[in-house]
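Accompanying notes for the structure given below.
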Amino acid sequence: MKSLLRCVPLLLMSAGLLFSSCELETIPPDQAETHPANHLVINEVFTLPATAVNPYSWVELYNPTADRIVRLNHWSLDYPYHFVGSGIDTTITISGRLVSILGAIPDTLEPGQFLVLIGDSIPFYVHTMLGPGKGTATTYIPPFGPPVQGDFRAGYPFNLAETGELVLRDTSGNAVDVVRYGNYVPASPDPFPGNLSAGAIPEWSSLSRYAGAYSTGNSANDFYIESKPIPMWYSQLNHP
């Protein structure tokens, strides 16, 4: 009798499934997260620092918005530079306007366009294949202005240190995008709290932003290591 009673719930459940009009559903897998930026972004970072045999760097900017970005030559980029010389071995921050003394940087950036700032064009074009995206790739030699006595920042090439912070600033000097990488430790108090370093960039790899201009303001969350960098093209990976 006990065995029969145990079977009643199972029989009722089976009957309910048999006579109901409900269909079994397949639950789709979780979709990739989307946090698209509404501003110009630092999209990809590559560096072979001064410790490498042939050091060179490039930084890719991308306009994910539906609007044209104008007066781009009044924007600026703060970047870390490893300075060695005259008994000095330190990393300094250099701020340069997005204007090259070569004059090849456009004044505007259309929606969906890229701008790749190259430190040394010879190794770049030897080792790097450009993607088919629209935009400009150009050697970036920022105009620092006349050197100041004792100021060793002026006149040094665009080459990133192994560790540091990139800050993209608009025409008013406001920080629009901040990317931290390597063993970067911010000053205290941190001007950009919650923005953790994305970690070290291995040789010949890049720090690449997730597809769709993914942006939460946390470098550790917004970027991944890309082993086959392709500047002037869209990210190869979605955020999980």
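The values are calculated or read from the model by the stated rules, or taken from the named source; none is laboratory data. Everything numeric here is computed off the predicted structure, so don't read it as measured data. Methodologically, a virtual Cβ is constructed for each residue, glycine included, from the backbone with ideal geometry; neighbour enumeration extends over all protein chains shown.
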Would you confirm whether any residue within region 131-140 is under 17 Å from S76 (Cβ atoms) and either surrounded by 15 or more Cβ atoms within 10 Å (Cβ to Cβ) or at pLDDT below 95 (or both)?
yes
Among the numbered criteria (1) touching a residue at least 24 places away in the same chain (Cβ under 8 Å); (2) within 26 Å of A52 (Cα to Cα); (3) surrounded by fewer than 20 Cβ atoms within 10 Å (Cβ to Cβ), which single criterion is violated by L237?
(2)
Restricting attention to region 58-80, does a residue exist that is under 20 Å from P186 (Cα atoms), part of a strand (DSSP E or B) and touching a His at 6+ places or on another chain (Cβ under 6 Å)?
no
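Any residue in region 165-173 that is touching a residue at least 24 places away in the same chain (Cβ under 8 Å), in a loop (DSSP other than H, G, I, E, B), buried (at least 16 other Cβ atoms within 10 Å of the Cβ) and of a type in the set (S, T, Y)? Reasoning before the result, please.
Filtering region 165-173 down to residues touching a residue at least 24 places away in the same chain (Cβ under 8 Å) leaves 165-171, 173.
The next check asks that each one be in a loop (DSSP other than H, G, I, E, B); those that pass are 170-171, 173.
Now restrict to residues that are buried (at least 16 other Cβ atoms within 10 Å of the Cβ): 170.
In the following step, the residues that additionally are of a type in the set (S, T, Y) were identified as none.
Looking through region 165-173, none of the residues is touching a residue at least 24 places away in the same chain (Cβ under 8 Å), in a loop (DSSP other than H, G, I, E, B), buried (at least 16 other Cβ atoms within 10 Å of the Cβ) and of a type in the set (S, T, Y).
One residue is enough: does region 119-130 have a residue meeting the conditions in a strand (DSSP E or B) and either modelled with pLDDT under 95 or surrounded by fewer than 16 Cβ atoms within 10 Å (Cβ to Cβ) (or both)?
In the first step, residues of region 119-130 are kept if they are in a strand (DSSP E or B); the result is none.
No: region 119-130 contains no residue that is in a strand (DSSP E or B) and either modelled with pLDDT under 95 or surrounded by fewer than 16 Cβ atoms within 10 Å (Cβ to Cβ) (or both).
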Whether any residue in region 17-37 is touching a strand residue (DSSP E or B) at 6+ places or on another chain (Cβ under 6 Å) and at pLDDT below 95 is what I want to check.
yes
State all residues of region 67-116 that are of a type in the set (D, E) and within 19 Å of A37 (Cβ to Cβ); if no residue qualifies, say none.
D67, D78, E110
Taking into account only those residues within region 87-101 that are in contact (Cβ under 8 Å) with a residue 40 or more places away in the chain and more than 24 Å from the chain's Cα centre (by Cα), which is surrounded by the fewest Cβ atoms within 10 Å (Cβ to Cβ)?
I88
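Counting just the residues of region 198-220 that are assigned to a loop (DSSP other than H, G, I, E, B) and of a type in the set (S, T, N, Q), which one comes out surrounded by the most Cβ atoms within 10 Å (Cβ to Cβ)? It would help to see each step written out before you state the result.
In the first step, residues of region 198-220 are kept if they are assigned to a loop (DSSP other than H, G, I, E, B); the result is 198-205, 210-213, 215-218.
Still in the running and of a type in the set (S, T, N, Q): 205, 215-216, 218.
Working: S205: 16, S215: 19, T216: 15, N218: 16.
Only one residue tops the list, namely S215.
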Here is a list of conditions, (1) in contact with a helix residue (DSSP H, G or I) (Cβ under 8 Å, 6 or more places away or on another chain); (2) over 26 Å from P55 (Cα atoms), and R180 meets all of them except one; can you say which number that is?
(2)
